[in-house]
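The values are calculated or read from the model by the stated rules, or taken from the named source; none is laboratory data. Keep in mind the model is a prediction, meaning the values are calculated, not measured. Cβ placement follows ideal geometry from the backbone for every residue including glycine, while neighbour counts extend to all protein chains displayed.
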Amino acid sequence: MYLTAFINDKSVKIITDNPDKDSVVKMLAEMAIQNPALSGLSQNEIHRNFREREELSSTGIGHGIAIPHFRTNKVTQFVVGLISAPGGIEYDAIDNQPVQLLIFIIAPKEARNEHIQLLSHVSKALSYPKKREELFAITDEKELANRFRKVFQDEGGTAKPLKFNQFSVVIQDEEVVEEILEIFADVPGANITVLEAENLSRYLYAMPLFASFWTENTKQFNRLLLAWVDHRRSNELLRKLNLIIDKLKNKTGVLVIMQDIAYLSGKIEL
């Protein structure tokens, strides 16, 4: 699932004025309705869905980026577009800074996993200041569309993977949980689950021989992340995970195991 598969030049707009948030949300609907994939929706319905999502919480994720999005049972494929506003728009972003680039995503109701992965992919790709600044500086819509495609280019092709790896990641350092989750959430097609766990000390305390080493109130953070991913993604995942481990004191607090999977069928919800 790749962003560039659902965007065309008509879905890209550069605005030179500084409209308010309500006006921009209306503009999103005006742009989106031009896509034939949205023939089952009216412009008013699209506008209402975008507005209701913003009322839930702002999709301005900070650093000049907003990702307005919603799911509906009236579409069968993703629709993506973007608006560039070099002058900035007051959009109630989480960092209270103006938004300069809006990427909108309309997704099929049943495609929740793919929707989450697209959102994570956009957020991750635009976390790099250089990429953001390059997009912010473009003043030609065709050039913006081409550069956008390059940023989110298809890295892995569309062939169905034949081999999978299982990652088992034990996390005892609460400060790195979010970073590790983002790494896996950004992997297209991954199946991921997180389980709460207990350190061995929780059970050893109940044994008289070891009781003096811990107190009854001793409780440590412990999570087990299990992920099943296309094996072609594994080396990059290992590289990113090892960067996290290398920053830990004595490399303690995260344990990573990777295994080959002989058989995998079905999928799970994120």
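Contact map, the range 27-46: residues that are buried (at least 16 other Cβ atoms within 10 Å of the Cβ) paired with residues that are of a type in the set (D, E, K, R), Cβ distance under 7 Å, separation 6+ or inter-chain. Pairs shown: Met31/Lys13; Leu41/Lys74. Here Asn18 meets the list (1) farther than 16 Å from Ala66 by Cα; (2) modelled with pLDDT under 95; (3) surrounded by fewer than 15 Cβ atoms within 10 Å (Cβ to Cβ) almost entirely, failing just condition (1). Scanning the range 86-105 for residues that are crowded, with 19+ Cβ neighbours inside 10 Å, in contact (Cβ under 8 Å) with a residue 40 or more places away in the chain and not in a strand (DSSP E or B) gives a single hit, Tyr91. Of the numbered criteria (1) modelled with pLDDT under 95; (2) touching a Phe, Trp or Tyr at 6+ places or on another chain (Cβ under 9 Å), the one Gly87 fails is (2).
Could you list, in sequence order, all residues of the range 47-59 that are of a type in the set (Gly, Ala, Ser) and loosely packed, with under 11 Cβ neighbours inside 10 Å? Residue satisfying the conditions is Ser57 alone. Annotation note: Cβ proximity below 6 Å between a residue of the range 241-256 that is at positive phi and a residue that is assigned to a helix (DSSP H, G or I) (sequence gap 6+ or interchain) occurs for Lys251/Ile245. Looking across the range 186-217, the residues that are surrounded by 12 or more Cβ atoms within 10 Å (Cβ to Cβ), out of contact with any Phe, Trp or Tyr (no Cβ under 7 Å at 6 or more places or on another chain) and either more than 28 Å from Met258 (Cα to Cα) or modelled with pLDDT of 90 or more (or both) come down to Thr193, Val194, Phe210. Taken as a whole, the structure places Ile257 among residues that are at pLDDT 95 or above, outside any helix (DSSP H, G or I) and of a type in the set (Val, Ile, Thr).
Taking (1) farther than 26 Å from Lys74 by Cβ; (2) buried (at least 16 other Cβ atoms within 10 Å of the Cβ) in turn, Lys142 satisfies each apart from (2).
Results for (1) surrounded by fewer than 21 Cβ atoms within 10 Å (Cβ to Cβ); (2) closer than 21 Å to Ile46 by Cα; (3) not basic (Lys, Arg), shown as yes or no for each residue.
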{"site": "Thr72", "(1), (2), (3)": "yes, yes, yes"}
{"site": "Gln77", "(1), (2), (3)": "yes, yes, yes"}
{"site": "Lys109", "(1), (2), (3)": "yes, yes, no"}
{"site": "Leu119", "(1), (2), (3)": "yes, yes, yes"}
{"site": "Glu134", "(1), (2), (3)": "yes, no, yes"}
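Of the listed requirements (1) assigned by TED's automatic domain parsing to the domain that holds Pro19; (2) in contact with a Gly (Cβ under 7 Å, 6 or more places away or on another chain), Ala137 misses just one: (2).
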